[in-house]
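Structure first, then comments.
The values are calculated or read from the model by the stated rules, or taken from the named source; none is laboratory data. Computed from a predicted model, the values in this text were never measured in an experiment. Methodologically, a virtual Cβ is constructed for each residue, glycine included, from the backbone with ideal geometry; neighbour enumeration extends over all protein chains shown.
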Amino acid sequence: MMECRDQEPELAQTLSVLVAGAVEGLVSDVIVLDHGSSDGSSRVADAAGCRFYAQWDIKDVLRAARGEWLLLVEAGARPLHGWIDEIGEYVALNTAPARFSQSRNHRQPFFRRIARSTPPLEHGLLLPKGQAIAVARSGMALGQLAMGHKPRRLSSELVPSWVARQGRV
């Protein structure tokens, strides 16, 4: 599940990685929540078989999600090798939320890291659907939904979305 606004290239990058998870049976549903995109984001989502919502209420979307676990990521983020097996094992054995590890090869410069707050979904969030529904409020964004959890850290890394945005500039 991810939100976007005029992020067609970033959306395509993330969806291309999630295809492998769908082939393995781990990803059963991809949901894109749009914030008024005027680019081809809806076409990219449709071509990938995603559910694309231009108008939505987070509680309704969460209830309609097919899986019992949700993976929230930013458009442009890409899980790196090993993520499918690790998440599959994690959801089979755990009930606590989890986040990806920070990519060792994609880090902000030191002073930029200490000068900014980390966005709530920069490292993604894997959480049980029931927990998400319990904290969701109408009008809530995915980033707000991700706050307040004490997630465990997965060993799999996630290339953050800012890397894809930098490549576009």
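Note on segment 121-169: residues that are in contact with a strand residue (DSSP E or B) (Cβ under 7 Å, 6 or more places away or on another chain) and surrounded by fewer than 15 Cβ atoms within 10 Å (Cβ to Cβ) total 4. Being at pLDDT below 95, surrounded by 18 or more Cβ atoms within 10 Å (Cβ to Cβ) and touching a helix residue (DSSP H, G or I) at 6+ places or on another chain (Cβ under 8 Å) is a property that residue 20 lacks. Only one entry of 76, 49 meets the criterion of being on the phi > 0 side of the Ramachandran plot and either buried (at least 20 other Cβ atoms within 10 Å of the Cβ) or not in a loop (DSSP other than H, G, I, E, B) (or both), and that entry is 76.
The set of residues in segment 23-41 that are over 17 Å from residue 63 (Cβ atoms), surrounded by fewer than 15 Cβ atoms within 10 Å (Cβ to Cβ) and out of contact with any strand residue (DSSP E or B) (no Cβ under 7 Å at 6 or more places or on another chain) comprises 23, 24, 25, 36, 38, 39.
For segment 115-147, enumerate the residues that are under 16 Å from residue 73 (Cα atoms) and of a type in the set (Gly, Ala, Ser). Outline the logic, then answer.
Taking segment 115-147 and keeping what is under 16 Å from residue 73 (Cα atoms), we get 118-129, 132, 140-147.
Result: 124, 132, 141, 143, 146.
Being outside any strand (DSSP E or B) and within 21 Å of residue 24 (Cβ to Cβ): is that true of residue 84 here? When the stated conditions are applied, residue 84 passes them.
In the set (1) assigned to a loop (DSSP other than H, G, I, E, B); (2) in contact (Cβ under 8 Å) with a residue 40 or more places away in the chain; (3) farther than 22 Å from residue 122 by Cβ, the condition left unmet by residue 63 is number (1). Being free of Cβ contacts under 8 Å to residues at least 40 places away in the same chain and closer than 25 Å to residue 22 by Cβ: is that true of residue 123 here? Yes: the conditions hold for residue 123.
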